[in-house]
Ligand code: SF4
């Protein structure tokens, strides 16, 4: 009788994402890491397709707990149906929910999109504001979304957008410490010059997606290997050379 195969255990995310105390967080080290990332990933950019600030706000709200690829599949029809904040502000929620359903959490996202559009019309003349203080007062918009939109749509850097990739990669690289996006953003802002803030997010997200994966980081082919103090890098390098 054939021997029954034991199902392989799903790999667990490494637990030791903490920064070793001995690694210094200095602007010089941060600059070196960003320079290497810039050389390794010149194509890194905001992956959400958009033509203006309004579309980027919409796409970024939809990207919560969803891949950018999925958002990019949904937004063409959405932007065609609701081309301006004024039209989106008048949307029927049920119709809007159907259009964004596949991005997950569709009821709350539809509510945020509609609320955000209403606020843009009521308080900003239908324009996306250009300050983070005004942005984060919009329904559904937090610091991450505000930083993404200000940086990419307007070229304004008021902070560093911190998502799950940025959190993970900065902790492993000892560029920041902690799980709180607001705290990590503050640490990055202190470490990196303002002119690089928007690019910092793009590079770290791209690196997190392509190399420094949550469960199986490809440490063996990582251009930052020699600068990375993460305890588990050797073990993962053996698997990914
Ligand atoms: S060496 Fe590994 S853990 Fe460190 S940044 Fe590269 S992929 Fe991430």
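The values are calculated or read from the model by the stated rules, or taken from the named source; none is laboratory data. Bear in mind the structure is a predicted one, so any value in this text is a computation, not a measurement. Cβ sites come from the backbone with ideal geometry, for glycine too, and all protein chains shown count toward neighbours.
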(request) Taking residue 215 as meeting all but one of (1) more than 16 Å from the chain's Cα centre (by Cα); (2) more than 18 Å from residue 67 (Cα to Cα), write down the number of the exception. (result) (2)
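Hey, can you tell me all the residues within region 210-226 that are in a helix (DSSP H, G or I) and either within 8 Å of the ligand (Cβ to nearest atom) or surrounded by 17 or more Cβ atoms within 10 Å (Cβ to Cβ) (or both)?
Step one: list which residues in region 210-226 are in a helix (DSSP H, G or I), which gives 210, 219-221, 225-226.
Within region 210-226, 219, 225 meet the criteria.
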(request) Kindly indicate which of 69, 55 is over 20 Å from residue 204 (Cα atoms), within 17 Å of the chain's Cα centre (by Cα) and assigned to a helix (DSSP H, G or I). (result) 55
(message) Considering only region 175-184, I want to know if a residue exists there that is surrounded by fewer than 20 Cβ atoms within 10 Å (Cβ to Cβ) and either farther than 30 Å from residue 50 by Cα or within 16 Å of the ligand (Cβ to nearest atom) (or both).
(response) yes
(request) Could you please let me know if residue 156 is touching a helix residue (DSSP H, G or I) at 6+ places or on another chain (Cβ under 7 Å), surrounded by fewer than 21 Cβ atoms within 10 Å (Cβ to Cβ) and without any contact (Cβ under 8 Å) to a residue 12 or more places away in the chain? (result) no
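From the list 45, 28, 51, exactly one residue is loosely packed, with under 13 Cβ neighbours inside 10 Å and closer than 17 Å to residue 153 by Cα. Which is it? Reasoning before the result, please.
On the way: 45 fails: loosely packed, with under 13 Cβ neighbours inside 10 Å; 28 fails: closer than 17 Å to residue 153 by Cα.
One residue alone meets the criteria, 51.
Got at least one residue in region 201-211 being under 20 Å from residue 24 (Cβ atoms) and either at pLDDT 95 or above or more than 12 Å from the chain's Cα centre (by Cα) (or both)?
Kept after step one, since they are under 20 Å from residue 24 (Cβ atoms), are these residues of region 201-211: 204.
Now restrict to residues that are either at pLDDT 95 or above or more than 12 Å from the chain's Cα centre (by Cα) (or both): 204.
Yes, because at least one residue in region 201-211 is under 20 Å from residue 24 (Cβ atoms) and either at pLDDT 95 or above or more than 12 Å from the chain's Cα centre (by Cα) (or both).
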